[in-house]
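Everything on this sheet refers to the single structure shown next.
Derivation of every value follows stated rules applied to the coordinates shown; laboratory data play no part. Note that the coordinates shown come from a computational prediction; the quantities given were computed from them, not determined experimentally. Cβ atoms come from the backbone with ideal geometry, glycine included; neighbour counts cover every protein chain shown.
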Amino acid sequence: MNKQPLVSVIMNCLNCEKYLKEAIDSVYAQTYSNWEIIFWDNASTDRSAEIAQSYDDKLRYFRGNETIPLGAARNKAIQQVQGEFIAFLDCDDLWLPEKLEKQIPLFADTEVGLVYSDMESFNQKGDRKKVSSQKKYYRGYCFEQLLINYFLSMPTVIIRKNAVLKQTYAFYNNFQIGEEAELFTRLAYDWKIDYVDEVLAQWRVHSSSATWVRYDLLASENKVMLDLLNEHIPEFNKQFKNAIRQKKAWIDKVSVIELWMKGAGKEARSLILKSSHKNITLIAIYFLSFFSARFMLPLIFRIKGSAVYTVVLQRLLVELSNHQASCIKNH
């Protein structure tokens, strides 16, 4: 009898045929043997269903009748899990073989509700970069640090199912790109999180990634996240006043960069002047916004430690196709 706890691996799919087999194979290659895949097909129209259904019964295939927001689709998948722990793998990302074997033992601490690891990004040219080179990681009770500067990467995260069941809801149904950040931050208020200091997952950088395609939702969804946390946490606005201020400053930054991306430099500057959360980054963007993003981006990427957020610049370069190769190289 297998004494390893069962891990339910959720894979949400919408037209993912290009990279799907690689992603599924990386789960089947795990040195930890007691897992199942909950494959939720969000009404794909490509060959995703055919590829997923070609595997054995360790992959449990489900299909929705219509395409729904990603948060709602993840909730549909959660309803099907049988495991004690839940892991996540998007269909364009990969796991390293020892991921589950190295992360599951950390749940021996019954106060731990979430375990994550380091990750590396990669692209079709073979360029790789550790995420830890861009973020500072924390462990233990670190809700405030996570709220201020979100540092989790979904392909690395495993959560205790019981931690989710104790929440009022799992993923927020209406979110398209920030559903995991809201849930994991909320979990961090109630539970400890722990960390394996190794690269155990790989994030594929490509221009069709939902994070880049729907970057315009990032600021608005984070505003809603603050409202949701306020409903969940007693005296949230009072207890975490400084963290909320820093989060709102980050939201302002994302908003003005999005305007600059759209060529609305004047509107970006107006928002900066109205912002009550001015900092050196916003001031830098204020002056940059007098020039077009198309002109400035190649210059910015030559400046080490630029004040402009790396992920945002990556998105900008994806939008500006003639600079896309530079974006991926410098991620």
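Counting only alpha carbon atoms, the long axis of helix 218-232 and the longest principal axis of the chain meet at about 60°. When restricted to Cα atoms, the range 132-176 yields an Rg and a Dmax of 12.5, 35 Å, respectively. Couplings 3J(HN,Hα) for the range 134-140, derived from phi with the Karplus relation 6.51 cos²θ - 1.76 cosθ + 1.60 (θ = phi - 60°), are 10, 10, 9, 9, 9, 9, x Hz, where x marks Gly and Pro. When both bridge partners sit in the chain, DSSP labels roughly 30% of those beta bridges antiparallel.
Loop-located GluC sites (Glu not before Pro) in the range 34-129 (DSSP state other than H, G, I, E, B) with a sparse environment of at most 14 neighbouring Cβ atoms within 10 Å: E66, E111.
Quick one: compute the contact order of the chain, relative version, from alpha carbon pairs under 8 angstrom and 6+ residues apart, as a percent. Walk me through the intermediate numbers first.
Working: 564 pairs, mean separation 52.5, N = 331.
Relative contact order comes out at 16 percent.
Going by the alpha-carbon gyration tensor, a ≥ b ≥ c the square roots of its eigenvalues, is the range 1-110 rounded (a/c under 1.5) or, if a/c is not under 1.5, prolate (a/b greater than b/c) versus oblate? Taking the square roots of the gyration eigenvalues as a ≥ b ≥ c, the range 1-110 is prolate.
Antiparallel DSSP bridges in the range 7-204: what percent, to the nearest 5? Intermediate results must be reported in sequence, preceding the final value.
Numbers: 11 of 37 bridges.
Percentage antiparallel, nearest 5: 30.
For the range 166-195, the set of GluC sites (Glu not before Pro) satisfying both a DSSP loop assignment and a count of at most 14 other C-beta atoms within 10 Å is empty. When each of the peptides 11-21, 241-251 is scored by how many other beta carbons lie within 10 Å of its residues on average, the order from highest to lowest is 11-21, 241-251. Whole Å is fine, so just give me how far the alpha carbon centre of the range 110-178 lies from that of the range 1-51. When both Cα centres are located, 19 Å separates them. Taking 0.36 nm per residue of sequence separation and removing the Cα-Cα distance, the K136/R47 pair yields an extension gain of 28.2 nm. Close amide H pairs (under 5 Å, H built 1.01 Å from N) link V196 with Y116, S117, D118, residues at least 5 positions away or on another chain.
Sparse packing (at most 12 other Cβ atoms within 10 Å of the Cβ) combined with a DSSP loop state is found for the following trypsin sites (Lys or Arg not before Pro) in the range 95-181: K125, K136, K166. Taking every DSSP helix (H) stretch of at least 4 residues in the chain, weighting each as -39,500 (n - 2.57) and dividing the sum by the residue count yields a mean residue ellipticity at 222 nm of -11500 deg cm²/dmol.
Partner lysines whose Cα lies under 27 Å from the Cα of K278, excluding those fewer than 8 positions away in the same chain, are identified as K135, K136, K223, K238, K241, K247, K248, K253, K262, K266, K304.
The stretch between K125 and E231 holds 33.7 nm of extra length on full extension. This uses 0.36 nm per residue minus the Cα-Cα distance. Label-to-label distance, N34 versus E84, with points set 7 angstrom from Cα along the beta-carbon direction: 0.6 nm.
Using only alpha carbons, the range 7-204 has a radius of gyration to Kirkwood radius ratio (Rg to Rh) of 0.94. Which angle from 0 to 90°, rounded to the nearest 10, does the C-alpha axis of helix 241-261 make with the longest principal axis of the chain? For 241-261 against the chain, the angle is about 70 degrees. Taking a straight Cα-Cα cut-off under 18 Å and skipping sequence neighbours fewer than 8 places away in the same chain, the aspartates and glutamates within cross-link reach of K192 are E84, D109, E111, D118, E144, E180, E182.
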